[in-house]
Amino acid sequence: MTDSNWPLYEVFVRSRNGLSHKHVGSLHAADDEMALEAARDLYTRRSEGVSLWVVPSAAITASQSADRDPFFEPAQDKIYRHPTFYELPDEVKHM
Amino acid sequence: MTEPSDIQQLEARFESRIDADDRIEPQDWMPEAYRKTMIRQIAQHAHSEIIGMQPEGNWITRAPTLERKAVLMAKVQDEAGHGLYLYSAAETLGISREELLDGLHSGRMKYSSIFNYPTLSWADMGAIGWLVDGAAIMNQVPLCRTSYGPYARAMVRVCKEESFHQRQGYSIMLALARGSAAQREMAQDALDRWWWPSLMMFGPADADSPHTAQSMHWKIKRHSNDELRQKFVDATVPQAELLGLRVPDPELRWNEERGHYDFGEIDWDEFWRVVKGDGPCNRQRLANRVRAHEQGEWVREAAAAYAEKQRQRQQKPRDAA
């Protein structure tokens, strides 16, 4: 069976200029060019985008699930990074 | 590797996330039963979209106008797209595309029974869009909030596209209902044949639905089969009246007290017969699907060979340098 040999691609669409590309889903294709054309047919049938990225899923390095890995923990006890941490006198109206 | 106490902890965390309406994502730990249920449901849904192309594909070459033909082709193409979104969502649970297709082709996995009924006239294109897609929307809108992230996201896309399907179906019914006596008869005949199978799309009655309780607990399903079926009847009967067509149920009447329509009992023998493979078109639908897959084998092989050749060509100059 050849299907399993077709790599998986992740598809990202820029819906209009000025916005960043957003992940919309994935698809299988034999090569990059086919992935791009299939992404157009599959994810932009109603003019949902002005630009497309297709990325082989295997090329993505992902963090582990938060269930298993304290990867994001260093950020959790640093509440002083948020503006709400600081109390201002009422006289200071906007800052 | 994983201690039983760890499993208990993971289960507790999973349950608390479900309770908090958090979404479960592919890499997260999930109970095996949740994973299995999710694969079964998403795969069945994907297979339904793919098999669902056949009854309508049957009428593309015989659409009455060029416009209707273009619309029908767009709709059938959407169904293919929905199947692909859903296969991708299922694959995030660790099952391959190949296993999914094999499950369909071998009959091990199911698809919606509605597609095992034949499309005998052009009016069936109207009835399918109006009733079958209408029932599908009732089922699918709550799934946009289902607890598994990739499934919910796929359903958001599907639902956006599905409302065009229902409207185009109703527009076909409207044209026929406002047409000649023969056309009205055609529309009525389609409603007669599709009404009950459409009600069956919501699945067995709650009392006979083995998966409902667990699926609702896990927030995979948000409403029971009977709740959604009632909602569909309530929404659809006035639309039939507007068409001037008669819903083929002598027991159908408005119940002032309940604020809902009462309706007759589904023929559950027929329901189970079609589910178990003995509907009017089960064998034909599956045989068509398997044949299409087998006849497409050379295309897949050619594409893979071409991709390999391109890859080698790109590599050569670099190796030489």
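The values are calculated or read from the model by the stated rules, or taken from the named source; none is laboratory data. All figures in this text were calculated on a predicted structure; none of them were measured in a lab. Counting neighbours? That spans all protein chains shown, and the Cβs are built from the backbone with ideal geometry, glycine included. Just so you know, the surface numbers come from the protein's heavy atoms only, side chains and all, with ligands and any DNA or RNA stripped out. Shrake-Rupley method; radii C 1.70, N 1.55, O 1.52, S 1.80 Å.
Some points to look at:
- Choice from B:111, B:306, B:34 showing the highest fluctuation, given a GNM over chain B with Cα pairs closer than 10 Å: B:306
- Cα-based Rg of the range B:1-95 normalised by 2.2 N^0.38 Å, two decimals: 1.60
- Annotation: amide H-H contacts under 5 Å for residue A:44 (H modelled 1.01 Å from N, sequence separation of 5 or more, or interchain): none.
- Per residue, the convex hull volume that the Cα atoms of chain B enclose (Å³): 186 Å³
- In the range B:223-321, the GluC sites (Glu not before Pro) that fall in loop regions by DSSP, at most 11 other Cβ within 10 Å: B:251, B:256, B:257, B:265
- In the range B:89-187, trypsin sites (Lys or Arg not before Pro) in a DSSP loop with at most 10 other beta-carbon atoms within 10 Å: B:108
- Apportionment of accessible area to carbon and sulfur, chain B, percent (1.4 Å): 54 percent
- Sites residue B:19 and residue B:291 - FRET efficiency at Förster radius 60 Å, r taken between beta-carbons, to 0.05: 0.80
- Among the trypsin sites (Lys or Arg not before Pro) in the range A:1-83, those placed in a DSSP loop whose Cβ has at most 15 other Cβ atoms within 10 Å are A:16, A:45, A:46, A:68, A:78.
- Once the 1.4 Å probe is applied to the protein heavy atoms, chain A comes out at 75 Å² accessible per residue.
- Across the cross-link table entries A:22/B:69; B:36/B:221; B:69/B:231; A:22/B:160; B:110/B:221; B:36/B:219, which are compared at the Cα atoms, the separations over 22 Å belong to A:22/B:69; B:69/B:231.
- At q = 0.11, 0.12, 0.13 Å⁻¹, base-10 log of I(q)/I(0) for the protein assembly as shown (Debye sum, equal scatterers on each alpha carbon): -0.95, -1.10, -1.24
- In the B-A interface, the accessible area buried, summed over both sides, Å² (probe 1.4 Å): 2200 Å²
- Chain A - percent of accessible surface contributed by carbon and sulfur, probe 1.4 Å: 55 percent
- Prolate/oblate/rounded call for the range B:178-321, Cα gyration tensor, a/c under 1.5 rounded: prolate
- Axis of helix A:32-43 versus longest Cα principal axis of chain A: the two differ by about 70°, to the nearest ten degrees.
- Close amide H partners of residue A:26, meaning residues 5 or more places away or on another chain with modelled amide H under 5 Å apart, are A:11.
- A Förster radius of 45 Å, combined with the Cβ-Cβ distance separating residue B:315 from residue B:163, puts the computed FRET efficiency at roughly 0.40.
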